[in-house]
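Everything on this sheet refers to the single structure shown next.
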Amino acid sequence: MFGTVTAFGQLSVGGTMVSADTAKCVSGNSGSIQLTGSNGNILRWEYSYSGNDPWTPISHTSATYNYTNLSQSISFRAIVQVPSNLPATSSVIRVNVYETSLGGTIAGNTNVCSGITEQYDLLNSRGSILDWEESTTSGAVWSSVSMSTDSLELNRSFTQNTLYRVNVKNGACPTVQSNILSINVSSPSVSGTISGTDSVCQSGNTVNLNLGGSVANQYTWQTALQINGPWTNLGTNSPALTTNNIGNTSFYRVVAQNGGCAAAISPTHTVTVSALSNGGTLAGQAVICEADSASLTLVNYNGDILQWEESTDNGTSWNPISFTGDTYTSAALTTNMLYRVLVENGVCTSTFSSNKAITVNAKPNTDFSVTNGCEDATLVFSNLTPGTNTYSWNHGDGSGSTVTNSSHTYGAPGTFTVSLFATNAAGCSDSISHPVTVYPRPVADFDFTDTICLNDPVPFTDMSQLSSGTIVSYDWDFGGLGTSTNQNPTFSQLITGTNLVSFKVATSFGCADSITKPVVIHDKPIAGFNVQSACFGDGVTFQNTSYTGGANPTYFWDFGDATTSAAVNPVHNYATTGTFNALMIISNNYECADTLIQPVSVNPVPQVSFTNTDVCFSDSMTFNSTVSGVTNFTYLWNFGDGTDDTVANPTHYYTNYGTYQVQLTIQSDSGCVNSVSQNVDVFSLPSAVFSVQNECQLNDVQFLNFSSIPLGTISTAWDFGNGNNSTAFSPVEVYTNPGVYPLELVVTSDHGCTDTVTSTITIFDRPIAAFGFNNVCYGVPIEFTNSSTVTFGSISDVMWDFGDNTNSTLMEPVKEYLNSGTYGVELIVQSTNGCSDTVQQSITVYDAPIADFDVLNVCFGTATTFNNTTTLGAGAFTSEWNYGDGNTSTEFAPAYTYGSAGIFTADLIITSDFGCKDSISKPVIIYQLPAVNAGEDTTTDKGYEVPLTAVGGVSYTWLPSTGLSTTTTATTWANPEETTEYSVTIMDVHGCFGYDTVTVFVNNSFKIKPFNILTPDENGKNDTWIIENIESYPENHIVIYNELGHEVFTGTSYANTWDGRNKTGEILPDGTYYYIISFAETDEKYKGDLLLIRNKN
């Protein structure tokens, strides 16, 4: 069959599509493509899903191509050919096909706390997010959330209940909405304060506590036996708590939570539990003696002691004692006594201790007598105590006895307290004490002069001693040469040699003592001496001619001028001239003495002095003398240099300088001589000498003074030739101008002797130090440029000090500093004449930044935040980021979302405001989102659950929760009322989320299971007729017949409630019954029988 032949031009032309590329939604799409401008026959149309080779042919030759129900994006073109020519291809048109928009599911916390920011994520959506919408009017009015366009994440804080939804559009597909998430907002939890019972007794107690001032709707009471736990939940969801019979002190608190807000814990409340009061047992003495105190101790008690009580009538009546300690000491007791103690522990009832009886026994009536006596006499003590007792005596001096009647001899006088202790058969003791006086015996003694000369009266002095009382008689016996009864007699009839003298004394109490001492009588010496006259100042010799009296003599001289001596033959110098009466006393070693007085003449000595004037060497010295005290005398000079003279006032020339001792001697006509000496000085001349070096302009010129003098000191006077002067010994002078200057030094000794020296000095000109540099960044060397100059000569040496303890001698050094900062650089230059100059400048080494940043690995699709931790000592800096995927940023701390998962190297370059740079690179990991598999779609009968299992994560969230057994495990059981698509969101080990869906198709199969037995006996089993799964089909109709076919029960919307009664409520008899179950929605019916049995007797 042949078609129409069309005539064409020679070349094939493919043509172009009338319309541009277009977009379609995958659901129910259609469209038309029109080719225009072609030349030739349309051989075919072609399509390609990729838009590139290969192309698949379409058997269509019309210029218009209509398409429908495209399932993916596709490209079309036409092939046109002029016969006998090569075919041509038209332009390509692309139809982009988009999957249906999916609104997805908003995930996040639905119970939140007011003011707390929460994050909400849109999961499993498809398409672009147009915006998030919120409603605070239960969905009546919705408003767009600002800054929410094209964001899968929303961060919000709340003050009121709010609904959220998201508008999503995928390409050309219609806009859809996500689920609506309802946010319930609660006020922050407030813990409040516990009040109520503070303390209880251990037995049969009740504790009532109330929490006040809280803001919460959930309460968890907790208790602990220690203030810091561990805590045990009491399970009471109420602000009030009542508990009974707590056995130990306990601590209570409440964990209060309001809605989704963080729980708050109340302050701890303490309930003190006191053990039952226990009066304990009284322990201590049961028997005491009359007038003794009883000591009792309360033991094994529990609680606080309220008071002690005592009874004198064996417990008929009790008297309180104001004492609350556990050990009580009574007053002295004279009668039998009964004691008890009242004890109370905390809030528990008080109780008494056991009673304690005290028996009081009588004491013996103790007494004795004794008579006072003298020291060393034996005293007898007579016991007057009645009855049969044992005794103990204390004599008062550390001795004692246990006999009935004691006796004792005291070794010392005094009054002693003697005590007698008596103990009867009951063990009770008594004692009595009496004083006894032991009179002292006198101690006879006397004294007299140790040395007694013959015929001297001897006084005797009574030295007797008596500690108490009075001596009333004295009896003396002088060796048979006489007696006396005087207390202190004098006796002169003792003879030469040893005489025995006896002395006896007696007291008023008749106590006596005596003593005998030897008294020795000695012979006497005779005084005598010779003496000659002398000159004043010379010693006068005294020649002793005394008789010693046969014993070792001692001498006492009084020279008549208020001076004395004890020498045998003394020599004495008188302080003045004249005639003096000299006295001599001779004594032997027994103090026997004699006295002699004779005159002594002392002649005057001439008084002499002289003066002179000290001179410099080569001058003559004049001496002037002065003599007094005598009239006739002669002169003799000694000048200390080997020469002398006899004139009154001589002039003398010394041949050398130095110090000379000059002596002048004067002799009187009575032969008395005196002389005077003194030093005279002939002063040496100084020698002026100095040295100095030529120096540079403005430098210190040091003048070295070598001037000297053999003896003495010198002073200096300088003339520097520049108008300046100095008196320093070795001065320093600074010359401001170069040139040759005259110098003069005048040296003067401390005695005015002088010398002068002159010279000259040359002053050179000095260089000018200068240098240049540029400040740099840390780590970059500095180049120093030396620009120093000098007029005469040249710069020969340099010294650089870089201010960091380093230096250089290079003319133009290059220096790199180890640290940033400001440094003082010093340059010293020196010319060929040795002159130098110094210049200082400050240079700056700028801080270099230390680039660093922190970054956390994130899941694909989540923005990566780069935390810039760069440090710079001073100044500001800029940041340049390279994310490792070709993109960059200049933000300080940017947030960036990578376009794919993987490991990227991020670079940070830092530049300071002085141009200093640093960089650092770190890896960034973008985790791939997990692959989620929720399993294949499944089918179940309505009312019967099926398992759903997801894999690929570490945590799971299933939505919606309707019909699910759990929403947070990998496997859950689904029992939906109708076909439902469930989504599961998982989180992997990196915290990344994935999403998948599974559909549970529900067959409305009306599958039920009627039980075949009914036992309405109220035992909890089969009390009503059970039809398993009937609740899934509420539109049901039940009819029950008896064995005769009579209808006994009928009902609709049966809910497992029939208990074997007929329509009027009467109990049906046991037996077999038949049922028919039908449904309004289907013709399906269930028929069967059931057995009704009542198990009651």
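Read-outs: derived from the displayed coordinates by stated rules, not from any lab. These numbers come from a predicted model, not from an experiment. Cβ atoms come from the backbone with ideal geometry, glycine included; neighbour counts cover every protein chain shown.
Numbers for the structure displayed
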| read-out | value |
| --- | --- |
| S670-D614 FRET efficiency (beta carbon distance; Förster radius 60 Å; 0.05 resolution) | 0.95 |
| Table column - 3J(HN,Hα) (Hz), the stretch 420-428, Karplus curve with 6.51, -1.76, 1.60, x for Gly and Pro | 10, 10, 10, 10, 8, 5, 7, x, 8 |
| Virtual paramagnetic centre 7 Å along Cα→Cβ of T838, amide N under 14 Å, in the stretch 787-812 | 799-803 |
| FRET efficiency estimate (nearest 0.05) - Cβ-Cβ, F556 to D445, R0 45 angstrom | 0.85 |
| Per-residue ³J(HN,Hα) for the stretch 201-207, Karplus 6.51 cos²θ - 1.76 cosθ + 1.60, θ = phi - 60°, Hz, x for Gly and Pro | 8, 5, 9, x, 9, 9, 10 |
| V951-I1013 pseudo-label distance in nm [points 7 Å out on the Cα-to-Cβ vector] | 4.4 |
| In the stretch 703-775, chymotrypsin sites (Phe, Trp or Tyr not before Pro) in a DSSP loop with at most 14 other beta-carbon atoms within 10 Å | F706, F773 |
| Residue range of the chain that is longest and free of GluC sites (Glu not before Pro) which are both DSSP loop and sparsely packed (at most 16 other C-beta within 10 Å) | 291-590 |
| Per-pair calculated FRET efficiency, R0 = 56 Å: I903 and A1055 via Cβ, rounded to 0.05 | 0.35 |
| Calculated log₁₀ intensity ratio I(q)/I(0) where the Debye formula runs over C-alpha points of the stretch 446-522, q = 0.13, 0.20, 0.27 Å⁻¹ | -0.39, -0.82, -1.33 |
| Within the stretch 969-1046, chymotrypsin sites (Phe, Trp or Tyr not before Pro) in DSSP loop having at most 16 other beta-carbon neighbours inside 10 Å | F1011 |
| Added length on full extension, which subtracts the Cα-Cα distance from 0.36 nm per residue, A512 to Q218 | 94.7 nm |
| Stretchable slack from T390 to N725, in nm (0.36 nm times residue separation minus alpha-carbon distance) | 108.7 nm |
| Chymotrypsin sites (Phe, Trp or Tyr not before Pro) lying in DSSP loop within the stretch 613-668, provided at most 14 other Cβ fall within 10 Å | Y653 |
| Principal axis dimensions, the chain - Cα atoms, whole angstrom, descending | 202, 137, 41 |
| Under Karplus coefficients 6.51, -1.76 and 1.60, residue-wise ³J(HN,Hα) of the stretch 819-828 in Hz, glycine/proline x | 9, 6, x, 9, 10, x, 9, 10, 10, 10 |
| Evaluated at q = 0.21, 0.25 Å⁻¹: base-10 log I(q)/I(0), Debye formula over Cα of the stretch 925-994 | -0.82, -1.07 |
| Amide H partners (placed H, <5 Å) of N39, local residues excluded | V13, G14, G15 |
| V520 long-range amide H proximity, modeled H, under 5 Å | N499 |
| Least to most buried among H990, H395 (fewest other Cβ within 10 Å first) | H990, H395 |
| Label-point separation, T938 to I58 (7 Å along Cα→Cβ), nm | 4.3 |
| Extension gain (nm, one decimal) between L1091 and V814, 0.36 nm per residue minus Cα-Cα | 88.2 nm |
| Simple spin-label estimate for S919 and D304 in nanometres, 7 Å along Cα-Cβ | 8.2 |
| Interchain or long-range residues, amide H under 5 Å from V951's placed H | N933 |
| Anchor K917: lysines whose Cα lies under 22 Å away (excluding residues fewer than 8 positions away in-chain) | K815 |
